[in-house]
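Q: First the structure, then my questions, so here it is.
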Amino acid sequence: MAVKKYLTLTLLFFVSVVAFVSSSYAVEKKYETWNAIIDEMDVILNDAYDLYFMKDPEKAKARVNNAYFGFYEKHGVERAVMSYISGKRGTDTEYQFAKIKRLMSDGVPNKTVRAEIDVILKMLHEDANELDGKKESGWSVLLASFIIIFREGLEAILVIAAISAYLVRSGNIRMVKVVYMSSLFAVFASVLAAIALNSIVNLSGANQEIIEGVAMLTATIVLFFISNWMFSKAEAEAWKNYVEDKVKSAISSGSSIALGFAAFLAVFREGAETILFYQAMLSESKEHMDMVWYGLALGTLVLAVIFIIIRFGTMRLPLKPFFIGTSILMYIMAIAFAGGGVKELQEADIIQVTPVDYVHSIEVLGIYPTAETLAPQLFMVMLVALSILYYKTNYNKKRKKH
């Protein structure tokens, strides 16, 4: 039954993507090469320096934003770099844009801003040369398409599968439908958000980053709450008491809402961006359009296998390691979302950027080389450690009483 529901969710995702993308990908491509896009960004970024040189940092930052949101994101350079070069390279480039704007806000000497603009121009031209030098084959398009859906969907699948497995093991199988329906609702919400982000000027650019950042930080709080809840039930006696308290089959309304909300946020936070990525890919891969769909299908199949392994493969595990493992997964996801959420708000200029040069990006864990992203993650690690210590101490006290 669960597999059927997941396959239905997957099919509806395909239909939703096709419904939006098929109406948009036929738009004529404005630029013939990646270098043509970067050449225009080159002009804009040099113009930004000229404005800064003339003591107008606000207009200078606006021009940097124009280069980033109006070209790097809008014309698919970010997607191409992350798909065909590396996710780390895309993240490093994003932070270089943010670094330049921070330096302009700080009023640093002109030569410092000039040096950092030269750095990003060098990076952009290197990437354009590499992208233009790659002869696009059907297999490369398939791989890029696979990477997009796998990278963007993995975290959502982990969250949904872990929560679903927990509900089944806890005797609350009826509540699994809340998770699935929340995920399904998030798919359609993602489609609507993608249409809005693509069509409405006021929701483009930095506002997209704000939406994603707020969703990720909200997910951090919800996942931390769920992690604590799961971990507190890890010991056999705690589990026995829990079952008795809940009459063996019910979850409080507050907890069920939290579970559904976690599933919704896990899907929604990347859903709209994923759809926009595929829209851009279809517009650029007219000769290998079928490979885009094959890559999407293959990535979705792999995610389905991961879901099934977690959802059903963990059913035979003893309760204690199962609950501990599930809660640890949720803790890790919460910590990763904390870093990713701040990163999105940095890109939207809501939070400043303070580089930490000795840290390297690890996108899957939400680790990025800035003090602002690392601080909430360190705070989350401390909270997790204190939570685990609290539950273990509390459990030991109860054992001594008995």
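Q: Taking the full set of protein chains and a 1.4 angstrom probe, give the accessible area of Trp293 in square angstrom, rounded to the nearest 10.
A: Around 70 Å² of this residue is reachable by solvent.
Q: Rank these residues by their accessible area, most exposed first, probe 1.4 Å: Asp290, Asp92.
A: So the residues, ranked largest to smallest area, are Asp290, Asp92.
Q: How much length, in nm to one decimal, is gained on full extension between Asp39 and Leu378, taken as 0.36 nm per residue of separation minus their Cα-Cα distance?
A: Separation in residues times 0.36 nm, less the Cα-Cα distance, equals 118.0 nm.
Q: Next question, about the same structure. Applying 1/(1 + (r/R0)^6) with R0 = 22 Å to the Cβ-Cβ distance of Asp118 and Met54, what FRET efficiency is obtained, to the nearest 0.05?
A: My answer for the efficiency is 0.75.
Q: Right, next: Please compute the modelled spin-label separation between Ile328 and Asn394, points set 7 Å along Cα→Cβ, answer in nm with one decimal.
A: Placing both labels 7 Å beyond Cα along the Cβ direction yields 2.1 nm.
The values are calculated or read from the model by the stated rules, or taken from the named source; none is laboratory data. Bear in mind the structure is a predicted one, so any value in this text is a computation, not a measurement. Cβ coordinates were reconstructed from backbone atoms using ideal geometry, including for glycine residues, and neighbour counts include every protein chain displayed. Please note that ligands, DNA and RNA were not included when accessible areas were found on the heavy atoms of the full protein model with its side chains. Shrake-Rupley method; radii C 1.70, N 1.55, O 1.52, S 1.80 Å.
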